[in-house]
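I have placed the structure first, in the form of structure tokens, so that the comments after it can refer back to it.
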Amino acid sequence: MSARAILTAYRGTNRITESTALASGRLFGLCDQVPAIMHPKRLAGLRKVLELKRDQLTQTLAKTADASRAIGEAVGGDEGEEAAAASNRDFLSAQGFSLREQLILVKDALIRLDTGEFGICEECGRAVNLKRLEAVPWTRYCRDCQQEVESEIGSSGER
Ligand SMILES: [Zn+2]
């Protein structure tokens, strides 16, 4: 099977078998355009990064939940105090929400590692640049599609 044939087969499907990925990895070597799935060692490194991030987020979320509960319990009868506590709760839950979103992204990336879909842009189905994957391993899109998604969302402040 030629390198071109494998690449064509790869681009034609979202799910590729492990043997195809390994064969492609051997053929393509360190080509920058090849997704991380084709480099088993790099893939293992990215998995570690993702697992660490998942654990950190889980811990931070647990702490945030604790702090939120503590504030809830401390609410007194005074109206001013109650307003302050409420705004603190809002702040924490807003923070918790974005952490939860990050956690979902990280968990999804770990699932994609297991299913062999990691490193493939969800929008265009093409390989995500390896440097981008190493910088943001939980990304769902290639750089071009991320920019398009962001311009669709507008300036909401999301990455
Ligand atoms: Zn894309």
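Structural remarks
- Residue match in region 94-117 (condition: assigned to a helix (DSSP H, G or I) and within 15 Å of the ligand (Cβ to nearest atom)): yes
- Residue that is farthest from the ligand (Cβ to nearest atom) [pool: residues in region 135-159 that are part of a helix (DSSP H, G or I) and at pLDDT below 90]: 153
- Cross-chain or 6+ apart pairs with Cβ under 8 Å, region 122-145 first and touching a residue at least 24 places away in the same chain (Cβ under 8 Å), then aromatic (Phe, Trp, Tyr) and within 9 Å of the ligand (Cβ to nearest atom): 123/141; 128/141
- Failed item in (1) assigned to a helix (DSSP H, G or I); (2) within 16 Å of the ligand (Cβ to nearest atom); (3) not hydrophobic (A, V, I, L, M, F, W, C), with residue 125 passing the rest: (1)
- Condition check for residue 5: modelled with pLDDT of 55 or more, farther than 25 Å from residue 129 by Cα and of a type in the set (Gly, Ala, Ser): no
- Flag if residue 91 is assigned to a helix (DSSP H, G or I) and either within 11 Å of the chain's Cα centre (by Cα) or surrounded by fewer than 17 Cβ atoms within 10 Å (Cβ to Cβ) (or both): yes
- When 100, 132 are checked against the criterion of being in contact with a Ser or Thr (Cβ under 8 Å, 6 or more places away or on another chain) and at pLDDT 75 or above, 132 stands alone in meeting it.
- Residue in region 51-63 that is of a type in the set (A, V, I, L, M), exposed (fewer than 14 other Cβ atoms within 10 Å of the Cβ) and at pLDDT below 90 present: no
The values are calculated or read from the model by the stated rules, or taken from the named source; none is laboratory data. Every value quoted in this text rests on a predicted model; they were computed, and no experiment measured them. Note that each Cβ is placed from the backbone with ideal geometry, even for glycine, and that neighbours are counted across all protein chains shown.
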